[in-house]
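Working notes, structure below.
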Amino acid sequence: MMQNFKYSYDENIDDLFIYLEGTKSKGAIELGNFIFDLDENKKIVGIQIFEASKVLSKILSNLTELTNIKEIRIETNNFRNMRAVKMHLVTSLGKSEGIIALPDLNFKSPALSC
């Protein structure tokens, strides 16, 4: 299910924070330039991206300046031991989308069950 997220971009430090309004983080996954905030059901409620313009230019299909963002939608899908986070950005110059893969917290590794 795709959800509309709010966002805050600090152009001076190139930091993008994407969040669901009215939700609380109960934990986080740090992966490179990303911090994924999770609620008590391990659903993504926030994403912080450091060096956002540099990082997102490699992930998104058609990135324009982050100061032109009009809307951000996030969709997540679980498959095997991974979670695909699909980002849809709408800017004043068009649409852009990309996928970020991260480990799924609900999956238990067979190697750890010994």
- Message: Given the criteria surrounded by 17 or more Cβ atoms within 10 Å (Cβ to Cβ), small (Gly, Ala, Ser) and modelled with pLDDT of 90 or more, does Gly22 qualify?
- Response: no
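Please tell me if Phe36 is within 21 Å of Glu97 (Cβ to Cβ), within 11 Å of the chain's Cα centre (by Cα) and either assigned to a loop (DSSP other than H, G, I, E, B) or in contact (Cβ under 8 Å) with a residue 40 or more places away in the chain (or both).
Yes: the conditions hold for Phe36.
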- Return a yes/no flag: does the stretch 31-47 have any residue that is surrounded by 13 or more Cβ atoms within 10 Å (Cβ to Cβ), modelled with pLDDT under 90, in contact with a Gly (Cβ under 6 Å, 6 or more places away or on another chain) and among the aliphatic types (A, V, I, L, M). no
- Flag for Ile100 being surrounded by 16 or more Cβ atoms within 10 Å (Cβ to Cβ) and either in contact (Cβ under 8 Å) with a residue 60 or more places away in the chain or outside any strand (DSSP E or B) (or both): yes
- Message: So, in the stretch 10-33, exactly how many residues are small (Gly, Ala, Ser) and assigned to a strand (DSSP E or B)?
- Response: 2
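The values are calculated or read from the model by the stated rules, or taken from the named source; none is laboratory data. Source: prediction; values computed, not measured. All Cβ positions, glycine included, derive from the backbone under ideal geometry; neighbour counts span all protein chains shown.
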